[in-house]
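Since the structure comes first, as structure tokens, the remarks are kept for the end.
Values in this text are rule-based calculations from the coordinates and carry no lab data. Predicted model only: the values in this text are computed from it and were never measured. Positions of Cβ are backbone-derived with ideal geometry, glycine not excepted, and every protein chain shown enters the neighbour counts.
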Amino acid sequence: MAQVLCQLPKTYDENLIIGLDTSDDAAVYKVNDDLAIIQTLDFFTPVVDDPYTFGQIAATNSLSDVYAMGGKPIMAMNIVCFPNCLSPDVLVQILKGGHDKVQEAGAILVGGHTVEDDEPKYGLSVTGFVHPDEVLANGGARSGDLLVLTKPIGTGIINTAIKGGLADEKSYDEAVKVMTTLNKYAKDAIDKVGVNGCTDITGFGLLGHSLEMAMASSVSLKIDHDKISLIEGALYFAQMGLVPAGAYKNEAYIGDRVKFLREIPVEKKDILFDPQTSGGLLISVSEDKVDKLLEELKNTPTSFSVVGEVLEKRDHYIYVE
């Protein structure tokens with residue numbers, strides 16, 4: 001998608017704070033000196049069989065972009081593709097799952113649009129508010145910052161195991177917990193501390209979104225793979241080869257801009273490129289604030305960790321040790 005978008009004509013407007021140029025998570029438009037609007041959209045096919053849970057996951061994922069920009073979701077609209085061969089009760093449960101997550105976010109759901117399709121797809125178009133001076137962007141990382149990841153990774157691999165009927169109950173439950181946890185709670189921690197840059201980890205994987213942050217910030221990032229929290233079972237299923245095609249596409253696209261400083265197991269490398277569904281926030285925070293941020297993150301439902309540091313720009317954008 002990035003290769004397509006970069007070929008479109010650039011949009012210039014003095015009030016457009018963030019557009020396409022930096023591969024940020026959402027667009028931000030300044031309304032006045034005290035208010036900017038965040039606009040984002042996301043939807044995808046089911047990653048679990050239960051329709052209510054799928055609705056929760058899709059909505060959580062869609063809302064995440066607003067939090068990654070430092071904003072508060074205000075309003076959302078459903079985006080639905082649905083086959084007529086399925087019971088309308090399935091759609092009702094999907095929409096209920098989405099509604100409950102929008103409500104948890106403190107936003108309102110105000111309708112949407114549905115089209116007939118061969119496969120179910122669901123997500124949200126979300127509008128959020130943020131003060132123009134408090135917008136977070138992936139271009140804010142500064143040399144000397146530390147990198148904090150607010151959720152474990154491995155959802156793409158676990159989802160592949162789920163589709164294959166191989167996921168155990170513990171792995172399934174942890175993956176669902178990760179995918180249905182709003183990044184609202186991590187953003188609340190950010191608000192109490194103040195950070196330099198932020199992005200959420202979704203389909204481009206941890207290393208892909210790290211690359212976007214490094215490029216937008218004109219820095220290099222060093223990631224310590226041993227410090228990254230993994231979802232229960234992710235390493236085991238990766239060793240079995242249950243790695244989604246998206247992981248290999250991510251590696252092919254960004255691999256030459258990543259330098260591995262030492263040999264790591266193939267399954268660990270696969271997880272670093274693994275496309276995430278409704279992943280956590282990757283936060284660039286000054287070293288003197290990191291302890292306070294970690295203390296505030298103790299109030300969040302998922303595990304978190306310091307996973308690396310920001311360096312002055314070097315030959316490669318991403319280094320993995």
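Neighbours of D89 by Cβ distance under 14 Å: Lys/Arg scored +1, Asp/Glu scored -1, total 0. Using the Cβ-Cβ distance between D291 and I74 with R0 = 30 Å, the FRET efficiency computed as 1/(1 + (r/R0)^6) comes to roughly 0.40. The V90 and R257 beta-carbon pair, evaluated with R₀ = 41 Å, returns a calculated FRET efficiency of approximately 0.45.
Taking the stretch 15-40 and a reference point 7 angstrom along Cα→Cβ of H131, the backbone N atoms nearer than 11 Å belong to 34-35. Cross-link pairs exceeding 32 Å in C-alpha to C-alpha distance, out of K268/K292; K10/K163; K192/K269; K10/K151; K96/K289; K163/K292, comprise K10/K163; K192/K269; K10/K151; K96/K289; K163/K292.
The simple Förster model, with R0 at 30 Å and r as the Cβ-Cβ distance, assigns D168 and Y248 a FRET efficiency of 0.75. The alpha-carbon positions of the chain define a convex hull whose volume is 135 Å³ per residue. Each of V47, N183, L242 was placed along the dipole of the chain (beta-carbon charges, centred on the mean Cα), and the one lying farthest toward the positive end is L242. Comparing T45, T155, T11, which has the greatest mean-square fluctuation in the GNM of the chain with Cα pairs linked when under 10 Å apart? Evaluated over the chain, the most mobile residue of the options is T11. For F129, the residues whose modelled amide H falls within less than 5 Å of its own, excluding neighbours fewer than 5 places apart on the same chain, are I38, K72, I74. Modelled spin labels at S303 and H113, positioned 7 Å past Cα toward Cβ, are 4.2 nm from each other.
Only Cα pairs under 8 Å and at least 6 apart count here; give the relative contact order of the chain as a rounded whole percent. The normalised contact order for the chain reaches 23 percent. For the chain, the Cβ-based charge dipole about the Cα centre amounts to some 240 debye (Lys, Arg positive; Asp, Glu negative; other atoms uncharged). Computed about the Cα centre, the dipole magnitude for the stretch 72-199 is approximately 340 debye when only Lys and Arg (+1) and Asp and Glu (-1) carry charge, each at its Cβ. Screening the chain for whole DSSP H helices with an alpha carbon extent of at least 15 angstrom along the helix axis and a mean Kyte-Doolittle hydropathy of at least 0.5 yields 205-217. Other residues within the sphere of radius under 14 Å centred on the Cβ of N183, judged by their own Cβ, net out at -2 (K and R +1, D and E -1). For the stretch 138-320, the normalised intensity computed at q = 0.16 Å⁻¹ comes to -0.91 (log10 of I(q)/I(0), Debye sum over alpha carbons, equal scatterers, no solvent). GNM remark for the chain: springs join alpha carbons under 10 Å apart, and the peak mean-square fluctuation among G165, G70, G97 falls on G165. Measuring how big the stretch 247-321 is from its alpha-carbon positions, Rg and Dmax come out at 14.6, 38 Å. Net charge in the neighbourhood of T45 (other residues with Cβ under 13 Å of its Cβ; Lys, Arg +1, Asp, Glu -1) is -3. Between the amide H of A141 and any residue lying 5 or more places away or on another chain, no distance stays under 5 Å, with hydrogens modeled in the peptide plane.
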